[in-house]
Structure formats: structure tokens, C-alpha cells
Amino acid sequence: MTAHTHTHTPGTPAARPPLAAFGALIEAESPEQRLDGPPVEEMRELVRAHHLLLLRGFPAFADAEELTAYCARWGEISMWPFGAVLELVEHENPEDHIFDHRHVPLHWDGMYRPQVPEFQLFHCVSAPGHDQGGGTVFSQTSAVLRDAEPAVRAQWEQVTGTYRRKMEYYDSTAVSPVVTAHPVTGEPVIRYNEPVAPDDEFINHPNLEFTGIPADRLDEFHRTLGRALRAPEHAYTHRWRTGDLVIADNYTLLHGREAFTSRAPRHLRRVHVLGDPPLENPALRSS
Ligand SMILES: [Fe+2]
């Protein structure tokens with residue numbers, strides 16, 4: 001299903017988000033147009049086909065409860081100890097990098113949780129200023145694999161990542177081949193948590209170990225993979241505007257965050273929606 005088959009839905013769904021190599025965009029035709037217009041079944045197919053959907057210009061959700069009620073229409077919400085909604089906002093003294101203003105490396109959500117969500121829904125309550133950074137970076141990994149040189153891809157296929165992460169909500173180990181299959185379509189996708197340079201100031205870094213190739217080839221592995229994941233034809237950095245709703249295909253994409261100016265007014269709310277049936281996390285070893 002392609003975006004331009006959706007001309008009967010409100011907005012202009014044929015477009016892509018600005019400067020994006022992938023993704024679909026539905027813009028409100030007027031500031032009064034409600035988000036309950038476009039049928040969720042069709043938007044779900046848009047996200048599966050284009051991997052990312054930006055809904056822009058629709059009236060904001062009044063609060064986290066209203067966002068939760070909307071997300072429940074997308075499928076079963078993955079509940080966290082804090083509830084459905086993660087408030088992504090800089091903390092005064094963060095104990096973890098997700099509440100810091102520095103960058104977050106590419107990863108997939110739910111990698112340390114019993115179930116992996118199919119969809120991430122991000123609502124931008126307040127965007128940082130235009131020159132304050134804080135974009136969310138998405139990488140389309142099936143395209144990365146499709147375009148990779150065979151010899152380079154063959155090396156990636158030999159590598160397995162082992163990730164250990166302890167934070168407020170879990171203390172888990174995840175093990176996954178870097179190249180694996182999309183759980184529904186079987187299409188090759190990448191599951192990878194980018195390492196951070198040792199001299200990088202980074203709060204509560206996970207322990208990462210990569211095996212399957214000789215240790216002296218690992219630098220080359222990270223370099224070629226990192227470059228391909230962030231190549232302009234595979235990556236999209238979403239520059240938030242207040243009111244944006246972005247729905248991302250967490251089975252195919254990896255995502256991370258650009259650093260932003262500390263105390264910039266960046267506030268996102270994130271909700272995880274499970275697939276149907278929910279995906280039991282194939283990478284989880286202990287938690
Ligand atoms: Fe994430």
C-alpha cells in the first residue's frame with residue numbers, strides 16, 4: 001500500500017516528511033481538523049509500508065491521558081512501571097542518558113523488555129528552538145541491507161551483539177544477531193545498539209560486546225555499519241515541531257537522539273504499541 005492510495009483520507013498523505021528519504025506525511029488541512037479522521041487501520045499500513053508516519057498540524061492532545069486514549073486505538077499499549085506514557089524531558093540530575101540533553105546512540109526500543117513494541121508513537125508537547133538540536137534520528141535498516149556491498153554485509157551478518165543495561169525500569173541482557181529477520185515479513189533488518197566513544201560523556205552506558213568476527217575487525221565493522229545507518233539515503237532526522245505526532249516502525253527502524261541545548265524546552269511523550277500478536281522479545285536472555 002502506498003501513500004498516494006490514501007487520497008481519500010484527510011490531509012495530503014502522498015508527501016514525505018521534509019527532507020526525508022522515507023516515511024509518509026499527513027498534514028491537517030485546517031487547524032481545526034481532528035486527528036480522529038484518518039482510519040487507524042490505514043495509517044498502520046502506511047507505517048508498515050513507509051516505516052514512519054508524521055502527522056502534522058493537528059490539534060494537540062490536552063494531556064497524557066488523551067494521548068493514551070488515542071494510542072489505544074492503534075493496538076495494545078505496552079505498559080511500563082510508570083504507565084503508558086514516557087515523559088521525555090531533560091531532568092535536573094539525570095541518572096540515565098535518556099533524561100539527559102546529550103545524544104542517544106541508535107538502538108531499538110524494547111530490546112531489554114519481555115515484549116518488543118511494533119509501533120512507537122511520539123507526541124511533541126514542546127519543541128526545542130530551531131537551532132537547539134534534539135532531532136530524533138531514524139535509520140531504515142532494510143534499505144541499509146539492500147544497498148550494502150555484499151562483502152560488507154557478509155561481515156555484518158557474522159556479528160552478534162550482547163547488551164547489558166541496568167536502569168530504573170530493568171536490569172537485562174539482550175543478545176541478537178546484527179542482521180536478523182523482521183518478525184512478521186521475514187525481511188532482513190538490523191538490530192544494533194551503537195557503541196559510544198569511550199571519551200564521550202555519557203550517563204549510564206550499557207555494556208556492549210560484539211562477537212563473531214576477529215576482535216581486530218570490530219572497528220571496521222562499527223565504522224561501515226555506522227556510516228551506512230547514518231547515510232542520507234537511509235537516515236532521517238526528525239526536527240520536532242510542537243504538536244507533531246510521529247509513529248515509527250520499531251521492527252524495521254533504529255532510532256537515536258541528537259544532543260540538544262541543555263534547558264531547551266524539548267518535551268516529547270512516547271507510547272509503545274504492541275504488534276498483534278505481541279512480539280515476545282527474541283533477544284532477551286535475563287531480566
Ligand atoms: Fe528509544
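The values are calculated or read from the model by the stated rules, or taken from the named source; none is laboratory data. Given the structure is predicted, the values throughout are model-derived calculations rather than measurements. Quick reminder, even Gly has a Cβ in these numbers, built from the backbone with ideal geometry, and neighbours come from all protein chains shown. Note: accessible area is taken over every heavy atom of the protein model, side chains too, but ligands, DNA and RNA are not part of it. Shrake-Rupley method; radii C 1.70, N 1.55, O 1.52, S 1.80 Å.
Residue pairs whose Cβ atoms lie under 8 Å apart, sitting 6 or more positions apart in sequence or on different chains, and linking a residue in region 91-119 that is more than 14 Å from LEU284 (Cα to Cα) and among the charged types (D, E, K, R) to a partner that is within 9 Å of the ligand (Cβ to nearest atom) and open to solvent by less than 10 Å² (accessible area, probe 1.4 Å), are GLU118/ASN250. When you check GLY256 against the structure, is it of a type outside the set (Ser, Thr, Tyr), touching a strand residue (DSSP E or B) at 6+ places or on another chain (Cβ under 7 Å) and on the phi > 0 side of the Ramachandran plot, yes or no? In short, no. Among the residues of region 125-149, which ones are part of a loop (DSSP other than H, G, I, E, B) and closer than 21 Å to LEU253 by Cα? GLY134, GLY135, ALA148, GLU149 - these are the residues of region 125-149 that are part of a loop (DSSP other than H, G, I, E, B) and closer than 21 Å to LEU253 by Cα. If you go through region 182-234 and pick out every residue that is among the hydrophobic types (A, V, I, L, M, F, W, C) and within 22 Å of ALA151 (Cα to Cα), you end up with 11. Residues in region 42-55 that are at pLDDT 95 or above and more than 22 Å from HIS255 (Cβ to Cβ): 0 in all. Tell me, please, whether a residue that is open to solvent by 60 Å² or more (accessible area, probe 1.4 Å), in a loop (DSSP other than H, G, I, E, B), within 16 Å of the ligand (Cβ to nearest atom) and touching a residue at least 24 places away in the same chain (Cβ under 8 Å) can be found in region 179-195. No, every residue in region 179-195 fails to be open to solvent by 60 Å² or more (accessible area, probe 1.4 Å), in a loop (DSSP other than H, G, I, E, B), within 16 Å of the ligand (Cβ to nearest atom) and touching a residue at least 24 places away in the same chain (Cβ under 8 Å). Scan region 105-120 and tell me whether some residue there is within 17 Å of the chain's Cα centre (by Cα) and away from the ligand (no atom under 13 Å from the Cβ). The answer is yes; a qualifying residue exists.
Give region 154-171 a look and list any residue that's assigned to a strand (DSSP E or B) and at pLDDT 90 or above, or say none.
Of everything in region 154-171, those that are assigned to a strand (DSSP E or B) and at pLDDT 90 or above turn out to be THR160, GLY161, THR162, TYR163, ARG164.
Scanning for something within 22 Å of ILE77 (Cβ to Cβ), among the hydrophobic types (A, V, I, L, M, F, W, C), open to solvent by less than 20 Å² (accessible area, probe 1.4 Å) and outside any strand (DSSP E or B), does region 215-226 turn up at least one residue? Scanning region 215-226, I find no residue that is within 22 Å of ILE77 (Cβ to Cβ), among the hydrophobic types (A, V, I, L, M, F, W, C), open to solvent by less than 20 Å² (accessible area, probe 1.4 Å) and outside any strand (DSSP E or B), so the answer is no. Filtered by the rule that a residue be outside any strand (DSSP E or B) and open to solvent by less than 10 Å² (accessible area, probe 1.4 Å), region 235-246 gives a lone residue, ASP244.
In the condition set (1) within 14 Å of the chain's Cα centre (by Cα); (2) more than 16 Å from the ligand (Cβ to nearest atom), TYR251 is compliant with all but (2). Of all residues in region 123-135, those satisfying the criterion of being in contact with a Leu (Cβ under 8 Å, 6 or more places away or on another chain) and open to solvent by less than 10 Å² (accessible area, probe 1.4 Å) are HIS123, CYS124. Suppose we keep only residues that are assigned to a loop (DSSP other than H, G, I, E, B) and more than 11 Å from SER139 (Cα to Cα) within region 247-263. Which one would you say is least open to solvent (accessible area, probe 1.4 Å)? Checked region 247-263; the qualifying residue least open to solvent (accessible area, probe 1.4 Å) is TYR251.
Suppose we keep only residues that are on the phi > 0 side of the Ramachandran plot and surrounded by 15 or more Cβ atoms within 10 Å (Cβ to Cβ) within region 45-104. Which one would you say is farthest from the ligand (Cβ to nearest atom)?
Here the residue is GLY57.
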